[in-house]
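Okay, structure first, notes after.
The values are calculated or read from the model by the stated rules, or taken from the named source; none is laboratory data. Source: prediction; values computed, not measured. Cβ placement follows ideal geometry from the backbone for every residue including glycine, while neighbour counts extend to all protein chains displayed. What goes into the accessible areas is simple: the full protein's heavy atoms, side chains included, and nothing from ligands, DNA or RNA. Shrake-Rupley method; radii C 1.70, N 1.55, O 1.52, S 1.80 Å.
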Amino acid sequence: MVSSPAISPEKTRTIDPEKLNALLAQAVQDMGAAMHAPLIVIGDKLGLYRAMGNCLPVTAAQLAARTGTAERYIREWLNANAAGHFVEYDAENDMYFMTPEQALALAQQDSPIHLPGFYHMLASLMKDEEKITQIYRTGKGMGWHEHEKGLFEGCERFFRPTYLVNLVSTWIPALDGVEEKLKAGALVADIGCGHGASTLLMAKAYPRSRFFGFDYHAPSIETARKKALEAGVSGRVAFQVAGSKVFPGAGYDLVAFFDCLHDMGDPAGAARHVRESLAPGGTWMIVEPFAHDEIAANLNPIGRILYSASASICVPCSLSQEVALGLGAQAGPANIEKVVRSGGFTRFHKATETPFNMVFEARA
């Protein structure tokens, strides 16, 4: 008779009540934020925040009338926002209002802090959840163009405030001699330009320079062209469908990559093409999400957002392309430098940074 193998008893697991309660408290906060997220998108689409942007008290009925919406839904929407401190509630008068800070973040399109764009990105990712789950099983990639359309608008609206505050005021001045060239009249290529937010901001700031925006996503290029017309700079700005390794032109004084190098399947190949496209003494500006080289140093609230975005957007995008390096949005300076130097650049350094971005300067 063959005896059965001995089965060791499972080790007793001791639950720390304080750690459990802390986890549950965090989960409750996250649940509230997750449930509220669709309401932010709804409020943005219906103009509810903008209608309260003057910070004057309003009843649910008045807000519904002002926005052409149904009062019963609006009251519940207002209560959810008040519970989340996105609007304030005056219990004595049964009215709602926004503080100047809330209005700045939610009701003003061109503010330096504009939150709704992020929630449009989030809504798009939730719609794509089944496709993202499947690629986790197969290991295949998912191209930028394969995402639900809300991601493209949300991304532009999420990143634009950062560019609005930093690009012309601090990032470009931090590059050696670049601002002087742009003021005098330079040739600039913006790769992975999307809807053209960064391209148009530079074009408005430097009227003597010419700008070319390139992106492989044709619908984004169409949107960028419309925005250039609206901004009145279409005579100095051209947008064209082209990838990072094949964009046309040469003699660029500045080539810019805004939050896109880590999304590329072959960033080293892109680096080589940038080097070939630059004029003598030209500069490559690379803006990347802020990250440390060590994983442990990135395990914080900002890192949580960026790793999550990377797991849903950035790594799948890279894995859908040739080479499929999969840098990810938290690649860190050392990995970025390795890619840049592999493209033939001999000078590389971090020019400046913010809590959310690193700005690198590379030269041949």
* Theoretical ellipticity at 222 nm over the chain - DSSP helices of four or more residues, -39500 (n - 2.57) apiece, nearest 500 -> -13500 deg cm²/dmol
* Mean Cβ count within 10 Å, highest first, over the residues of peptides 317-323, 31-37 -> 317-323, 31-37
* Asked: Using a 1.4 Å probe, how large is the accessible area of residue 30, given in Å² and rounded to the nearest 10?
  -> 50
* To do: Subtracting the Cα-Cα distance from 0.36 nm times the residue separation, let me have the gained length for residue 364 to residue 311 in nm, one decimal.
  => 15.8 nm
* To do: With the full set of protein chains in place, find how many percent of the accessible area of the chain is carbon and sulfur; take the probe as 1.4 Å.
  => 58
* **Contact order normalised by residue count of segment 42-170, Cα under 8 Å, 6+ apart, percent** => 22
* Structure fact -> Here the relative contact order (percent) of the chain, from C-alpha pairs under 8 Å and at least 6 apart, is 12
* Packing-based order for 138-144, 20-26, using average beta carbon neighbours within 10 Å, highest first -> 138-144, 20-26
* Putting +1 on Lys and Arg Cβ atoms and -1 on Asp and Glu Cβ atoms, find which of 306, 278, 291 reaches farthest to the positive end of the dipole of the chain. => 278
* Structure fact -> In the chain the DSSP beta bridges are antiparallel at a rate, in percent to nearest 5, of 45
* Estimated inter-spin distance, residue 276 and residue 26, nm [label 7 Å along Cα→Cβ] -> 4.7
* Across segment 36-44, in residue order, what do the Karplus-derived ³J(HN,Hα) couplings come to in whole Hz, using 6.51 cos²θ - 1.76 cosθ + 1.60 with θ = phi - 60° and x for Gly and Pro? -> 7, 3, x, 5, 5, 4, 4, x, 5
* For the chain, report the accessible area per residue in Å² (1.4 Å probe, heavy atoms, rounded to an integer). => 51
* With a ≥ b ≥ c taken as the square roots of the eigenvalues of the C-alpha gyration tensor of segment 34-99, please select rounded if a/c is under 1.5 and otherwise prolate if a/b is larger than b/c or oblate if it is not? => rounded
* **Length released on extending from residue 304 to residue 149, taking residue separation times 0.36 nm less the Cα-Cα span** => 53.4 nm
* For the cross-link pairs 19/45; 226/350; 140/338; 127/350; 245/350; 181/350, which exceed 28 Å when the distance is taken from alpha carbon to alpha carbon? -> 19/45; 226/350; 127/350
* Structure fact -> Candidates for Rg and Dmax of the Cα atoms in Å are [x] 21.2, 72; [y] 24.3, 108; [z] 23.8, 92, and the calculated one carries label [z]
